[in-house]
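Q: My structure is below; once you've seen it, I'll send some questions.
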Amino acid sequence: MKNGENGSRTKGEDPLARHSRHSQPIGVFDSGVGGLTVLRALRERLPAEDFVYLGDTARLPYGTKSAQSVTRYSLQAAELLVRQGIKYLVVACNTASSVALDALRKRFAPLPVMGVIEPGAEAACAATRSQHIAVIATEGTIRDKAYQRAIARRAPEAVVVGQACSLFVAMAEEGWTTGPIVEAVARRYLASIFEQHPTVDTLLLGCTHFPVLASALREILADHVTLVDSARTTAVALDRDLQQRELVSCAAQPGAMRLFATDNAERFAKVGSLFLGERFGAEDVEIVDLVESERLGP
């Protein structure tokens with residue numbers, strides 16, 4: 001990418017302006033709490049960065065909505081985050097990553113925008129040796145074949161197996177991340193993959209809820225199977241792109257975090273604390289109306 005394109009440094013740019021962009025926050029949004037696993041990975045990888053997170057809890061799940069509705073919701077969510085002065089937008093939602101990235105990039109150019117699908121697909125292609133990859137996700141993501149298409153673009157010869165694991169979402173939101181029930185459900189789902197496709201050597205977590213179940217899955221998976229977490233791969237990809245764009249924070253102190261939701265701060269805090277890996281309360285969540293915010297404008 002050439003300097004000056006899509007937010008990178010331009011020739012003769014004021015050093016003070018560049019320093020100001022370094023200190024701007026990174027915006028992250030999802031339809032609910034699942035994207036907090038992405039935020040967790042981002043904060044672990046980029047501890048000096050400030051983050052602003054929005055969970056559109058009033059309209060979840062996006063997976064059951066039309067592509068037009070998801071695109072509209074995504075543009076509204078991004079608009080709120082852009083008003084917070086963000087330097088980068090991360091779409092921590094598989095459905096929105098599948099259908100809304102082009103619209104987001106067009107609307108908010110030159111703001112850089114990253115989804116979770118491409119980094120996950122790239123990491124899975126790099127990890128597999130047998131060229132047989134399994135993707136576990138929600139029914140909507142599997143039906144849309146977003147990961148299959150992303151993997152095919154990088155490795156046309158790869159065989160991709162999709163398995164919907166809808167119960168994982170419910171278990172994760174209930175805080176059931178270990179124990180006999182989790183193990184039984186996980187074994188049932190994984191058996192559907194590996195009994196029919198024993199050559200699979202890479203398992204890609206294609207839902208932002210699933211990283212909280214990673215430890216339980218690793219206990220069941222054979223040693224030769226690599227587990228690819230799309231939240232962590234997104235963090236690695238963002239770190240790399242921030243460095244290429246010279247947008248890495250220069251702060252010496254740990255970055256701050258601001259949380260928005262569109263409904264039910266209490267549940268967002270209760271479930272979200274598990275996904276984020278640290279406890280926060282309803283009082284830490286700002287409730288916003290995206291439709292009203294869009295109507296009022298800047």
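Residue by residue, here is whether (1) outside the structural domain of ILE26 (by TED's automatic domain parsing); (2) of a type in the set (S, T, N, Q); (3) in contact with a His (Cβ under 9 Å, 6 or more places away or on another chain); (4) part of a helix (DSSP H, G or I) holds:
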residue	(1), (2), (3), (4)
GLY85	no, no, no, no
THR95	no, yes, no, yes
SER98	no, yes, no, yes
LEU104	no, no, no, yes
ARG107	no, no, no, yes
LEU111	no, no, no, no
ALA123	yes, no, no, yes
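Q: Are there any pairs, at least 6 apart or on different chains, whose C-beta atoms fall under 9 Å, with the first in segment 111-131 and under 18 Å from PRO211 (Cα atoms) and the second of a type in the set (Asp, Glu), and if so, which?
A: GLY120/ASP229; ALA123/ASP229; ALA127/ASP201
Q: Restricting to segment 163-184, give me the number of residues that are touching a strand residue (DSSP E or B) at 6+ places or on another chain (Cβ under 8 Å) and without any contact (Cβ under 8 Å) to a residue 40 or more places away in the chain. Steps first, please.
A: Taking segment 163-184 first, the residues touching a strand residue (DSSP E or B) at 6+ places or on another chain (Cβ under 8 Å) are 163-165, 168.
After this cut, where a residue has to be without any contact (Cβ under 8 Å) to a residue 40 or more places away in the chain as well, the list is 163-164.
Count: 2.
Q: List the pairs whose first member sits in segment 215-230 and is closer than 13 Å to ASP201 by Cα, whose second member is of a type in the set (A, V, I, L, M) and in a helix (DSSP H, G or I), and whose Cβ atoms are under 8 Å apart, counting only residues at least 6 apart or on separate chains?
A: Listed pairs, sorted by first residue: LEU221/LEU190; THR226/ALA127; LEU227/ALA214; LEU227/LEU217; VAL228/ALA123; VAL228/ALA124; VAL228/ALA127.
Residue by residue, here is whether (1) outside any loop (DSSP other than H, G, I, E, B); (2) in contact with a Lys or Arg (Cβ under 7 Å, 6 or more places away or on another chain); (3) farther than 23 Å from LEU274 by Cα holds:
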{"residue": "SER130", "(1), (2), (3)": "no, no, yes"}
{"residue": "ALA134", "(1), (2), (3)": "yes, no, yes"}
{"residue": "ILE142", "(1), (2), (3)": "yes, no, yes"}
{"residue": "TYR147", "(1), (2), (3)": "yes, no, yes"}
{"residue": "ILE151", "(1), (2), (3)": "yes, no, yes"}
{"residue": "ALA184", "(1), (2), (3)": "yes, no, no"}
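Q: I'm trying to understand the selection: among the residues of segment 237-259, which are surrounded by fewer than 17 Cβ atoms within 10 Å (Cβ to Cβ) and touching a residue at least 60 places away in the same chain (Cβ under 8 Å)?
A: ASP239, GLN244, GLU246, VAL248, CYS250, ALA251, ALA252, GLN253, PRO254, ALA256, ARG258
Q: For segment 62-83, which residues satisfy the criterion of being among the hydroxyl-bearing types (Ser, Thr, Tyr) and part of a helix (DSSP H, G or I)?
A: Start the filter on segment 62-83 by keeping residues that are among the hydroxyl-bearing types (Ser, Thr, Tyr), which leaves 62, 64, 66, 69, 71, 73-74.
Within segment 62-83, TYR62, THR64, SER69, THR71, TYR73, SER74 meet the criteria.
Q: Kindly check whether there is at least one residue in segment 150-161 that is more than 23 Å from VAL236 (Cβ to Cβ), modelled with pLDDT of 95 or more and surrounded by 18 or more Cβ atoms within 10 Å (Cβ to Cβ).
A: Start the filter on segment 150-161 by keeping residues that are more than 23 Å from VAL236 (Cβ to Cβ), which leaves 156-157, 159, 161.
If we keep only those that are modelled with pLDDT of 95 or more too, we end up with 156-157, 159, 161.
Filter once more, keeping what is surrounded by 18 or more Cβ atoms within 10 Å (Cβ to Cβ): 161.
Yes, the conditions are met somewhere in segment 150-161.
Q: Only one residue in VAL91, VAL99 is surrounded by fewer than 24 Cβ atoms within 10 Å (Cβ to Cβ), out of contact with any Lys or Arg (no Cβ under 9 Å at 6 or more places or on another chain) and hydrophobic (A, V, I, L, M, F, W, C), so which one is that?
A: Numbers: VAL91 fails: surrounded by fewer than 24 Cβ atoms within 10 Å (Cβ to Cβ).
Selected residue: VAL99, the only one of VAL91, VAL99 that is surrounded by fewer than 24 Cβ atoms within 10 Å (Cβ to Cβ), out of contact with any Lys or Arg (no Cβ under 9 Å at 6 or more places or on another chain) and hydrophobic (A, V, I, L, M, F, W, C).
Q: It is to be established whether one or more residues within segment 280-290 are under 22 Å from ASN94 (Cβ atoms), surrounded by 14 or more Cβ atoms within 10 Å (Cβ to Cβ) and not charged (D, E, K, R). Break it down stepwise before answering.
A: Step one: filter segment 280-290 for residues under 22 Å from ASN94 (Cβ atoms), giving 290.
Now narrow it down to the ones that are surrounded by 14 or more Cβ atoms within 10 Å (Cβ to Cβ): 290.
When the remaining residues are screened for being not charged (D, E, K, R), the result is 290.
Looking through segment 280-290, at least one residue is under 22 Å from ASN94 (Cβ atoms), surrounded by 14 or more Cβ atoms within 10 Å (Cβ to Cβ) and not charged (D, E, K, R).
Q: Here is a further query. Taking the residues in segment 32-80 that are under 17 Å from VAL113 (Cα atoms) and among the hydroxyl-bearing types (Ser, Thr, Tyr) as candidates, determine which candidate is surrounded by the fewest Cβ atoms within 10 Å (Cβ to Cβ).
A: It comes out as THR71.
Q: Hey, another quick one. Of all residues in segment 35-49 being touching a Ser or Thr at 6+ places or on another chain (Cβ under 7 Å) and not in a helix (DSSP H, G or I), which is farthest from ARG21 (Cα to Cα)?
A: The qualifying residue farthest from ARG21 (Cα to Cα) is GLY35.
Q: Another question about this same structure. Answer with yes or no whether THR234 is under 30 Å from ILE151 (Cα atoms), touching a Pro at 6+ places or on another chain (Cβ under 7 Å) and of a type in the set (S, T, N, Q).
A: Details: under 30 Å from ILE151 (Cα atoms): yes; touching a Pro at 6+ places or on another chain (Cβ under 7 Å): yes; of a type in the set (S, T, N, Q): yes.
It is true that THR234 is under 30 Å from ILE151 (Cα atoms), touching a Pro at 6+ places or on another chain (Cβ under 7 Å) and of a type in the set (S, T, N, Q).
Q: Check segment 93-103 and report whether any residue there is without any contact (Cβ under 8 Å) to a residue 12 or more places away in the chain and closer than 29 Å to ILE142 by Cβ. Walk me through how you get there before you give the answer.
A: Keep residues of segment 93-103 that are without any contact (Cβ under 8 Å) to a residue 12 or more places away in the chain, which gives 102.
Pick out the ones that are also closer than 29 Å to ILE142 by Cβ and you get 102.
Yes: one or more hits.
Q: I would also like to ask the following. In segment 220-251, what count of residues is obtained for those that are over 20 Å from the mean Cα position of the chain (by Cα), in a helix (DSSP H, G or I) and either modelled with pLDDT under 95 or in the same structural domain as SER23 (by TED's automatic domain parsing) (or both)?
A: Residues in segment 220-251 being over 20 Å from the mean Cα position of the chain (by Cα), in a helix (DSSP H, G or I) and either modelled with pLDDT under 95 or in the same structural domain as SER23 (by TED's automatic domain parsing) (or both): 2 in total.
The values are calculated or read from the model by the stated rules, or taken from the named source; none is laboratory data. Computed from a prediction, not measured in an experiment: that's the story for all the values here. FYI the Cβ positions are ideal-geometry reconstructions off the backbone, even for glycines, and counts take in every protein chain you see.
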